[in-house]
Amino acid sequence: MGKRDIISILDMKDDIEEIIDLAIELKGKAKRGESIEYLKGKTLAMIFEKSSTRTRVSFEVAMQKLGGYAIFLSKNDIQLGRGETIEDTAKVLSRYVDAIMYRAYSHENMKELAKHASVPVINGLDNEEHPCQVLADFMTIKEKKGKLKGLNFAYVGDGNNNMAHSYLLGCAMVGMNILIVSPDKYQPRKDLVEKAKEIASGTKIEITNSMTALNDSIDV
């Protein structure tokens with residue numbers, strides 16, 4: 001079996017709910033003081049082109065709790081910030097670590113790193129998607145609401161950014177109805193809306209510029 005990357009939330013299309021359920025299970029075990037060191041001896045390289053509080057802390061603490069080790073690498077800590085190619089960076093890091101988390105400016109750079117790395121690459125945010133953030137949000141929703149399928153989810157704001165893109169696709173994947181309220185010039189890309197409609201099974205997808213679309217039926 002080849003390596004598995006998570007570059008888009010679509011990379012979890014077949015097992016996103018299994019991943020969420022496993023995360024909830026591991027969280028419960030950790031709270032009860034049970035060992036969850038399933039990544040003992042494993043090392044994660046975390047490349048940050050953009051600074052972050054929550055993404056860095058989440059990945060670093062998670063690796064520690066799972067028994068592994070995380071290495072923080074800003075673009076100034078490695079040769080990537082001084083002209084080394086993404087291909088070379090991917091190949092070099094793959095010889096040292098078991099996985100790479102990359103927080104990048106460019107989705108194209110994200111795909112380039114994954115293409116040349118021989119270890120799994122996880123998207124910690126780029127200009128097109130933020131799959132891990134949405135995965136964590138869905139986990140919280142399931143913990144609080146008990147389910148995902150059939151819920152009504154509303155997003156208000158810039159609909160043409162990484163979070164909106166991942167919410168749009170993610171809701172379609174798990175069966176949540178999604179309403180995106182954005183000004184006309186900030187609405188989601190049409191190709192992503194069509195992709196969401198393609199994978200949705202009975203899920204309602206609505207894009208509007210009117211706040212009046214918000215009503216008491218919204219769950220989240």
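At a glance:
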{"quantity": "Lys/Arg +1, Asp/Glu -1 at C-beta; the chain dipole; positive extreme among Tyr96, Ala200, Met110", "calculated": "Tyr96"}
{"quantity": "Kirkwood-Stokes translational diffusion coefficient of segment 1-142, alpha-carbon pairs, 10 °C, 1.306 mPa s, µm²/s", "calculated": "102 µm²/s"}
{"quantity": "Within the chain, helix-based [θ] at 222 nm, where runs of 4 or more DSSP H residues each add -39,500 (n - 2.57), nearest 500", "calculated": "-12000 deg cm²/dmol"}
{"quantity": "Kirkwood Rh, Cα atoms: Rg over Rh of segment 91-138", "calculated": "1.00"}
{"quantity": "Rounded Å value of the spacing that divides the Cα centres of segment 65-83 and segment 161-200", "calculated": "32 Å"}
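Each reported figure results from applying straightforward, stated rules to the coordinates on display, with no laboratory input. Keep in mind that this is a model prediction, so the values were computed, not measured. No Cβ is skipped: glycine too gets one built from the backbone with ideal geometry, and neighbour counts run over all protein chains shown.
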